[in-house]
Amino acid sequence: MSYEIISDNSHNEINNIVLNDKLSDYRTIFTAIKGFKADGHKFIMNSYLNGCRDFIVEDTKEIYKEIFLKSTVIRVNDSRAALAEISNAIFGYPSDKIKMIGITGTKGKTSVSTLLHKFLTTTEKASLFTTIKNIIGSNEAYASRTTMEANELHSLLRKSLESGERTAVVEVSSHGVTLKRVHGINWDVTIFTSFSRDHLDLYKTMEKYFESKLEFFNSLNTSVKKNKIAVINTDDKKGIDISTIFHKDVKVIKVGHKKDNTYIIDSVKSDYNGIEFELISKNITYKIKSKMRGLFNVTNISLASACAIEMGVDIKNINKVLSNYNGVEGRFEIIVENPFIVIVDYAHSPDSIEKILKEAKLLTKKRVICVFGCPGERDKEKREIMGKISAKLADFSIITNDDTYNEDPLIISKDIEKGFIKSKKVKNKDYKIILERKDAINEALKKARKNDVIVVAGMGHQKIQILNTGSVEYNDKKTILNLMKKINKI
């Protein structure tokens, strides 16, 4: 990162760095970032009026003479990189003093992160930062995004240190890498879960999307930490590619079904009551039993278990955790069991909705009903693909709203409907469009018969739905339970 000091007229004692002008004052540095929808440079004057006198900018067009004369202004070529590096410094380089574990992949990040945190905390104090929640000591808070901005992350890592924690488990999104939210962190351990179509609204091509994953794993190569470990799912073809990029000072742990893996998955059994399998390493067979459902969770548990074992956690502690844990909120979460099954899942990509519907079909000999939508202002090509998948695997589908953002909900639904129209399997009676999500779920519940399975996909754990009319409080699980009471089915 290159920089130039434009003016040096502030000598305030700084204790924080911010992106939001409303949070700025005389002890903060305001960093102006050119975002997707707003340019932070437009809020420099607001920040100045709040008392801020220290600014990081990429251009000086919005800085008036008065600001120059009374402030310190540094121009950089990359505000996001500057935010990360300065945040790290302000909070005393916490990531250098704590064991940093980063988990990335298209699917499975939250499950692997949460499982690993539970395994580790049987023997040590550790913090957790995921899509769903952040945990430091006994304090838990819901997260606003998968990977928070760099200033928030370093601030929380500082609090982790002050709480006596020496390990942090961090879910790392591709956006978190590309937008420099984890820039400059020296990782101890990185984990790869999976790779499939997602985020093409940002990356445009799968190749560019994969490059963001490679960038994250290459950061383990440049990390100054010792005893570095990479845990890789080699059942995924991209995992095999990733496993070849590491330097000699990185211990590569391959996990999968093939016999040449460091940890071999074998003897898998899966049913409604959970999953059992063996994890074999160096002639040692670890027998694993979990209440979590779904074959995809075999991989998630294996990755978290392999990493935990490498870090010294006993298999007895791992199995004790698994015996009392049903899974992550909103991830193949069974909300209702009788008279039919209702599952809530975060599946919002073609690969994930295909997997979840296949798993649902294993739970019943009756019908599978799928309620789903697609986000607005995102990868539009996947809409038709997801429609085709639901048409093929579900017996009945209801197309509804997800987070529509500023896009017309009917246009989104019609895009999904193209997949049904082009499917040879589907007749007009096999699907319908109900835009209001609550009404769509209500229709599915009324339509369901004994031993059917309903999959409500796309929003998972989320507590807010973002519509073109604004944000509203909404949660699939809460909606399902309330509706079941009203129609007297529980």
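The values are calculated or read from the model by the stated rules, or taken from the named source; none is laboratory data. Model, not experiment: these values are computed from the prediction. FYI the Cβ positions are ideal-geometry reconstructions off the backbone, even for glycines, and counts take in every protein chain you see.
On inspection, Tyr431 does not qualify as of a type in the set (Phe, Trp, Tyr) and surrounded by fewer than 21 Cβ atoms within 10 Å (Cβ to Cβ).
At least 2 residues being of a type outside the set (Asp, Glu), touching a His at 6+ places or on another chain (Cβ under 9 Å) and not assigned by TED's automatic domain parsing to the domain that holds Gly419 is the threshold, and among the strands (runs of 3 or more DSSP E) wholly inside segment 316-402 not one reaches it.
Scanning segment 408-448 for residues that are in a helix (DSSP H, G or I), free of Cβ contacts under 8 Å to residues at least 40 places away in the same chain and closer than 26 Å to Met484 by Cα yields Lys429, Asp430, Asp439.
The criterion of at least 3 residues that are surrounded by fewer than 20 Cβ atoms within 10 Å (Cβ to Cβ) is met, among helices (runs of 4 or more DSSP H) falling completely within segment 162-272, by 200-203, 206-222, 237-242. Somewhere in segment 315-330, is a residue surrounded by fewer than 14 Cβ atoms within 10 Å (Cβ to Cβ), free of Cβ contacts under 8 Å to residues at least 24 places away in the same chain, under 28 Å from Lys133 (Cβ atoms) and not aliphatic (A, V, I, L, M)? Yes, because at least one residue in segment 315-330 is surrounded by fewer than 14 Cβ atoms within 10 Å (Cβ to Cβ), free of Cβ contacts under 8 Å to residues at least 24 places away in the same chain, under 28 Å from Lys133 (Cβ atoms) and not aliphatic (A, V, I, L, M). Residues in segment 153-196 that are of a type in the set (S, T, N, Q) and either free of Cβ contacts under 8 Å to residues at least 60 places away in the same chain or farther than 17 Å from His117 by Cα (or both): Ser155, Ser163, Ser173, Ser174, Thr178, Asn186, Ser194, Ser196. Given the criteria farther than 17 Å from Thr193 by Cα and at pLDDT below 95, does Tyr325 qualify? Yes. Might you let me know whether segment 292-308 holds any residue that is assigned to a strand (DSSP E or B), out of contact with any Asp or Glu (no Cβ under 6 Å at 6 or more places or on another chain) and either in the same structural domain as Phe195 (by TED's automatic domain parsing) or at positive phi (or both)? No: zero hits. Screening segment 280-314 for residues that are of a type in the set (D, E, K, R) and at pLDDT below 95 and picking the one that is surrounded by the most Cβ atoms within 10 Å (Cβ to Cβ) gives Arg293. Inspect all residues belonging to segment 52-70 and state whether any of them is of a type in the set (Val, Ile, Thr), modelled with pLDDT under 95 and touching an Asp or Glu at 6+ places or on another chain (Cβ under 7 Å). No, there is no match, as no residue in segment 52-70 is of a type in the set (Val, Ile, Thr), modelled with pLDDT under 95 and touching an Asp or Glu at 6+ places or on another chain (Cβ under 7 Å). Pairs linking a residue in segment 449-469 that is within 25 Å of Ala143 (Cβ to Cβ) and assigned by TED's automatic domain parsing to the domain that holds Ala360 to a residue that is among the charged types (D, E, K, R) and surrounded by fewer than 20 Cβ atoms within 10 Å (Cβ to Cβ), with Cβ atoms under 6 Å and 6 or more positions apart or on different chains, are His461/Glu329.
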